[in-house]
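The values are calculated or read from the model by the stated rules, or taken from the named source; none is laboratory data. Small disclaimer: the values here were computed from a predicted structure and weren't measured. Cβ: placed from backbone, ideal geometry, glycine included. Neighbour counts: every protein chain shown.
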Amino acid sequence: MLPAVSVPPARARFLSLVDAALRNGSLVKLTLGKPSPTAADATLRNVFVRPVALRDGPHLSFVWRHETRDLTRNHRAEAAAEVIAALLGSEFLDGHLFTPTQTAQVELSADGPGRLRIKAASGVPLPRAPDHDRSKPRIVPSDAPWLRGLGVTRDDGRPREGMAPKLRQIERFAETLQHLLKEAGLPSSSAEPAPAVPFHVVDMGCGKGYLTFATSTLLGRQAVVTGVEARPDLVAASTEWATRSGLTSLRFVAGQIADTPLEPPPAVLIALHACNTATDDALARAIAAGARLIIVSPCCHQELRPRLVAPPVLAPALAHGIFREREAEFVTDALRALLLEWAGYRTKVFEFISTEHTPKNVMIAAIRTRPAGDEDRRREIEAFAAFYGIREQALARHLGLALATPGAA
């Protein structure tokens, strides 16, 4: 009679494969998903792990994807194995391991040992983009000095570790901006004949200036581009790299979205990921300046969430926090789009870039086409606000538009 053989549970077998891949350096990437019903952090959705080379040696980069933000932490191999073991089975029930020779997937359950599937890899994953992608003509050259200065690319134009998504975001923004400029009847390329008087582009709350630099690179002498940022250290660093990159039509100033002087009045105003009602401040300033094109990507929809009164038919669904959050995002941005239409703008809302790169990916673009004051749109705004019990909102206040019908309860 053969002796009984103890087969390790699926989780233990999977972790042994992870440990081996970490020790021999064969790990290409690892993902953890399917949050456990007993997870300590209900906002955590996935964790993505991949190797990175840092100054003090090889590490594993962990990207913790939450509902509204991503956090990145780096660990050495030994610590990485401990973190993965602590997460698998407690925070997450699924794990995928990728190496050049095989893939492994573990699926756990609360009431059983789970299962492990292993199969040979069909090919060796490449750590960088293929040649046809790298050689593709780009609106923003990957060897631009400012990309190196801001830490996005290396000297050879390839993205630094962890910065490939940022480079794709920059390129995608430049493509989107070029199309929107054409729709608005504005110059859309530095290759076009330079106008006698350049038009003005303002990027409000520009941060490190990645997309401000991209805008100036796209337009050259067609436009004077101004980046407005509250943090003086970022303004100083961006100014230095604008000078070193030879972008003579690009400048950065320290200031707040709500009150920084906009001279001359901008033809294009951009505000990406301005927090909460700062997006409304930017929209209001663009409308007041008569901007022909407005581009915003809102963030942190906090103003309306506590004020929303769920219509009775939606109340049971909106008892869940994640649905309330998404409802607040939808209602806020839909109301902003309607208000822009009332103010004389043709407006469209679309996904700017995949959620793989950023969870805040909704973009509102508005092109001025007519005078403000459309009465049909005003009635639609009032009805929409009444449906959700909204009596006031930041952009509506800026525009002097009452949302509640006078005398309403």
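Some observations on this one:
- Test result for ALA223, at pLDDT 95 or above, of a type in the set (A, V, I, L, M, F, W, C), buried (at least 21 other Cβ atoms within 10 Å of the Cβ) and touching a strand residue (DSSP E or B) at 6+ places or on another chain (Cβ under 6 Å): yes
- Going through (1) free of Cβ contacts under 8 Å to residues at least 60 places away in the same chain; (2) under 22 Å from ILE367 (Cβ atoms); (3) exposed (fewer than 14 other Cβ atoms within 10 Å of the Cβ) one by one, GLY290 falls short only on (1).
- Taking the conditions (1) assigned to a strand (DSSP E or B); (2) under 26 Å from PRO58 (Cα atoms) in turn, ARG13 satisfies each one other than (1).
Conditions tested, residue by residue: (1) in a helix (DSSP H, G or I); (2) within 24 Å of the chain's Cα centre (by Cα); (3) within 14 Å of GLN393 (Cβ to Cβ).
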site: GLU263; (1), (2), (3): no, no, no
site: PRO266; (1), (2), (3): no, no, no
site: LEU269; (1), (2), (3): no, yes, no
site: THR279; (1), (2), (3): yes, yes, yes
site: ALA284; (1), (2), (3): yes, yes, yes
site: ALA288; (1), (2), (3): yes, no, no
site: HIS301; (1), (2), (3): no, yes, yes
site: PRO312; (1), (2), (3): no, no, no
site: ALA315; (1), (2), (3): no, no, no
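- If you check ALA319, ALA315, ALA343, ALA328 for being among the hydrophobic types (A, V, I, L, M, F, W, C), without any contact (Cβ under 8 Å) to a residue 40 or more places away in the chain and buried (at least 16 other Cβ atoms within 10 Å of the Cβ), only one passes: ALA328.
- Cross-chain or 6+ apart pairs with Cβ under 7 Å, the range 125-150 first and at pLDDT below 50, then surrounded by 14 or more Cβ atoms within 10 Å (Cβ to Cβ) and assigned to a loop (DSSP other than H, G, I, E, B): PRO125/VAL28; ARG128/ARG158
- Restricting PRO100, PRO51 to those that are in contact with a strand residue (DSSP E or B) (Cβ under 7 Å, 6 or more places away or on another chain) and over 28 Å from CYS299 (Cα atoms) reduces the list to PRO51.
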